[in-house]
Amino acid sequence: MTDLPQRVEQNIQNRRLLKRGQAVLVGVSGGLDSMTLLHALHELSSRHRWHLTVAHFNHRLRGRSSNADEELVRQTAAAMRLPFVAGRANVKEFAQKSKLSVEMAARKLRHDFFARAAKERKVRVIALAHHADDQVELFFLRVLRGAGGEGLAGMKWRAPSPVDAKIMLVRPLLDATKAELRRFACENKIPFREDATNTSLDLPRNRVRNELLPLLQRRYQPALAKTVLRLMEIVGAESDLAGEAARQWLVLKRKIERAVCMGHAHESPGRARHSVRAVDRVGTGGGQGTARPTVNRGLRNTIRGASKVAESVPARSGEGTVFKDLPVAIQRRVLQLQLSEVGVPVDFELIESLRQSTDVPVNLGPQLSVMRDATGAVSLRLARPSIFNANETVVKLAGRAGEVIFDGVRVRWRFDTLKKFKRPAVRPACESFDADKVGGRITLRHWRAGDRFQPMGLRSSVKLQDLFTNWKIPRARRRELMVAAAENGEIFWVEGLRISENFNLTPQTKRRLTWRWQRPAGV
């Protein structure tokens with residue numbers, strides 16, 4: 001006989017999933033897994049005085065079969081003399097409106113219903129029937145999506161509901177295989193419904209379950225479930241460590257900053273910011289020559305106490321606990337935690353962009369960006385609408401020399417005949433071009449969407465916007481810079497950047513165009 005109820009009881013006690021006398025909402029679909037869980041909990045409930053409520057969500061995806069699932073769960077709850085609550089929704093319709101996959105839409109609606117039903121009945125715990133096979137499937141699904149350590153760790157035995165963090169989800173069957181559940185159900189003649197969609201290969205999870213896992217078990221690792229679950233346990237523990245270290249570092253950083261600001265409330269904002277930056281190096285003293293702020297006794301005690309916490313956050317040998325000195329894994333988690341706090345969806349590319357660049361905005365949308373400063377703090381910024389400066393003027397380069405004023409900037413030019421090639425000396429606000437390639441008619445304007453430019457040294461043109469980003473030119477400044485386009489429309493000069501490769505002086509150049517510009521003071 002299968003000792004499944006005994007294992008469930010041990011899991012609940014060892015992992016503190018449920019308390020004695022606690023009210024529990026049991027999510028029951030009518031399938032093998034949840035019907036098994038319901039019978040195991042019901043068998044144990046009198047001993048532990050648990051108050052069970054059976055909850056079923058009808059996804060209305062399989063017509064009469066979905067209704068038959070609900071009826072089975074209702075009858076089972078009645079036979080056990082347990083309260084029953086049901087919810088319904090048109091998952092396909094919701095998926096289309098929300099632009100979600102059917103699977104994700106079903107999950108969201110189901111969790112919404114469970115949380116709502118629990119809240120109405122003042123229940124703080126929802127028991128779900130996820131098991132070891134579910135964990136293995138989830139692991140490979142997340143591997144294929146490129147998940148990090150937190151994702152690869154899989155589902156937790158106890159975790160907050162995604163709808164309401166005050167309601168806990170518990171999973172007492174996480175170490176039980178599907179085969180064990182089926183054996184227990186057969187031995188105890190537990191009725192359950194088979195979901196025909198589980199065999200459909202349209203869903204990624206079903207393809208992993210019915211194609212990938214059998215192949216891996218047959219050809220590569222017969223004990224696949226055991227090895228994957230062990231790996232998930234290891235990855236999960238290490239992920240938890242990185243997460244906890246990141247949380248401690250953030251708490252420490254914010255505690256010190258608050259203390260510094262309070263201790264220096266009488267000082268100028270610039271002085272207070274200097275103190276925050278200096279104290280941010282707490283941990284190893286910041287090295288020789290580090291500026292040390294003047295602090296009062298209370299603040300000094302706060303910093304000393306916080307530095308003990310800092311010692312528990314691993315840093316690279318010989319370095320302090322400023323953001324740049326944290327191990328990469330903890331840097332990533334620090335950024336992830338802050339982005340989650342402000343509701344920004346996290347992905348690897350966003351984290352890496354923030355981690356590797358300081359004070360460089362990363363676009364999240366048309367008018368929203370996020371940025372990290374040197375202390376590791378993440379901030380959201382609302383960008384002004386991207387309005388391009390449409391001003392332009394056409395200039396005829398007639399005669400030997402001339403000048404023009406465009407948007408307040410004075411531009412002077414001169415033509416020279418070259419008898420012998422000689423590269424001119426580098427001078428500020430002055431460039432030289434092949435005059436014959438530029439032509440006798442140019443256009444002075446500003447950056448526009450889609451502009452491309454080939455700076456000297458590059459083999460092909462690139463988007464001007466990408467150059468601005470790579471060279472860290474502030475957004476507001478980009479729209480002020482002048483651009484000069486040759487007679488053929490190609491950009492040969494961008495103010496402050498290298499000249500164009502295609503208009504550079506060469507030994508074949510016969511005429512040289514010397515170009516000088518001058519902005520008004522302060523512009």
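Quick notes on this structure:
- For LEU25, net neighbour charge (Lys/Arg +1, Asp/Glu -1) across residues whose Cβ lies under 11 Å away: +4
- Most to least accessible of HIS56, HIS39 (protein chains only, probe 1.4 Å): HIS39, HIS56
- Mean Cβ count within 10 Å, highest first, over the residues of peptides 172-179, 341-348: 172-179, 341-348
- The protection proxy used here, the mean number of other Cβ atoms lying within 10 Å of each residue, ranks peptides 461-467, 472-478, 330-336, 115-121 as follows, highest first: 330-336, 115-121, 461-467, 472-478.
- Amide H contacts of ILE473: none lie under 5 Å away among residues 5 or more positions distant or on a separate chain (H built 1.01 Å from N in the peptide plane; Pro and chain starts excluded).
- When the P(r) is computed for the stretch 477-523, the part past 12 Å accounts for 71% of the Cα-Cα pairs.
- Rg to Rh quotient for the stretch 2-140, alpha carbon positions, Kirkwood Rh: 0.98
- Counting only residues at least eight positions apart within a chain, or on another chain, the lysines with an alpha carbon under 24 Å from that of LYS463 are LYS437, LYS472.
- Accessible surface for VAL143 stands near 70 Å², nearest 10, in the context of the full protein assembly shown (1.4 Å probe).
- Angle in degrees between helix 178-187 and the longest Cα principal axis of the chain, rounded to the nearest 10: 20
- Violating pairs (Cα-Cα greater than 29 angstrom) within the set LYS166/LYS255; LYS119/LYS178; LYS166/LYS253; LYS19/LYS255: LYS119/LYS178; LYS19/LYS255
- For the stretch 190-209 versus the stretch 375-426, the gap between their alpha-carbon centres in whole angstrom: 64
- Protection proxy ranking, highest mean first, for peptides 201-210, 508-517: 508-517, 201-210, where packing is the per-residue count of other beta-carbon atoms within 10 Å, averaged.
- Ellipsoid semi-axes in whole angstrom, largest first, where each is sqrt(5λ) of the Cα gyration tensor of the stretch 168-227: 22, 17, 14
- The orientation-averaged projected area of the convex hull spanned by the Cα atoms of the stretch 1-74 comes to 5.5 nm².
- Shape annotation for the stretch 61-182: C-alpha extents along the principal axes are 42, 35, 32 Å, from largest to smallest.
- Using the Cβ of LEU152 as centre and a radius below 12 Å, the other residues enclosed give a net charge of -1, where K and R count +1 and D and E count -1.
- Ranked by solvent-accessible area (1.4 Å probe, protein heavy atoms only, all chains present), the residues GLU180, GLU349 order from largest to smallest as GLU349, GLU180.
- Relative to one another, the C-alpha centroids of the stretch 62-91 and the stretch 224-238 are positioned 35 Å apart.
- Antiparallel bridges, percent of DSSP beta bridges restricted to the chain (to nearest 5): 75
- Structure-derived Cα extents along the principal axes in Å: which label, when the choices are (1) 102, 64, 46; (2) 75, 49, 47; (3) 71, 62, 43: (1)
The values are calculated or read from the model by the stated rules, or taken from the named source; none is laboratory data. Small disclaimer: the values here were computed from a predicted structure and weren't measured. Neighbour counts run over all protein chains shown; Cβ positions are idealised from the backbone, glycine included. The accessibility values were calculated without ligands, DNA or RNA, using every heavy atom of the protein model including side chains. Shrake-Rupley method; radii C 1.70, N 1.55, O 1.52, S 1.80 Å.
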